[in-house]
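Take a look at the structure set out below.
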């Protein structure tokens, strides 16, 4: 029996008669990079919002480490170790790169809301913050003001601030969206690197990224799971090709 970290059972979300997520049974295995893909409007983002409890399911269950978390609040989910990149990736543009990561680390001190405390109390976090920046290849940018970072480096900083929360399961929502080829490659390599010893569930449009790093792929269409498997399996599935392309063309072109 595979070690399943996250599971959904008949997960469904309806909006005024429109079924956005339709009886989704998802199993994410511990230590895997698992991608949720599908054409626009397939329900991927709604699915992510359900998993992080930004919206409530109409019916169905969500289990994390075999514990039913269907009724949990977003903050409880985060404390359990499910961290979504954008939850804290509203990086602070006018703070330095190092300061951004330190804020993510503050949670461990229990001083996240003690804004009146001396900044000196955060100095103890510097070594850990620098280690995280090293992990995402940003140590050379530690003193840079975040607003000045190139776009791809900002996404790397988001991943560092997510890692600062010590996630057991990282949810990455379109991590390479809007990037040029060089940045896509850098962030793809970065995800592969930080995935060691962690579990990642990601929504991603770029099939080149998905094919290169994902262990398992779930394809959504009209809110339901159309196919699952490794990249080779899903990329050769005629229904998947039809959903993406409207014909039996190659999935590689479906960015």
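The values are calculated or read from the model by the stated rules, or taken from the named source; none is laboratory data. Predicted model, so just to flag it, every value in this text is computed and none were measured. Note: ideal-geometry Cβ built from the backbone for every residue, glycine included; neighbour counts use all protein chains shown.
For the stretch 51-74, a residue qualifies if it is touching a helix residue (DSSP H, G or I) at 6+ places or on another chain (Cβ under 9 Å) and at positive phi, and the qualifying residues are 53, 60, 65. Among residues that are assigned by TED's automatic domain parsing to the domain that holds residue 66 and over 21 Å from residue 106 (Cβ atoms), residue 148 is not included.
Determine, yes or no, whether residue 190 is in contact (Cβ under 8 Å) with a residue 12 or more places away in the chain and assigned to a strand (DSSP E or B). No. Does residue 196 meet the test of being assigned by TED's automatic domain parsing to the domain that holds residue 46, at pLDDT 90 or above, on the phi < 0 side of the Ramachandran plot and outside any helix (DSSP H, G or I)? Judged against the criteria, residue 196 is a match. Taken as a whole, the stretch 10-19 holds at least one residue that is surrounded by fewer than 20 Cβ atoms within 10 Å (Cβ to Cβ), assigned to a loop (DSSP other than H, G, I, E, B) and at pLDDT below 95.
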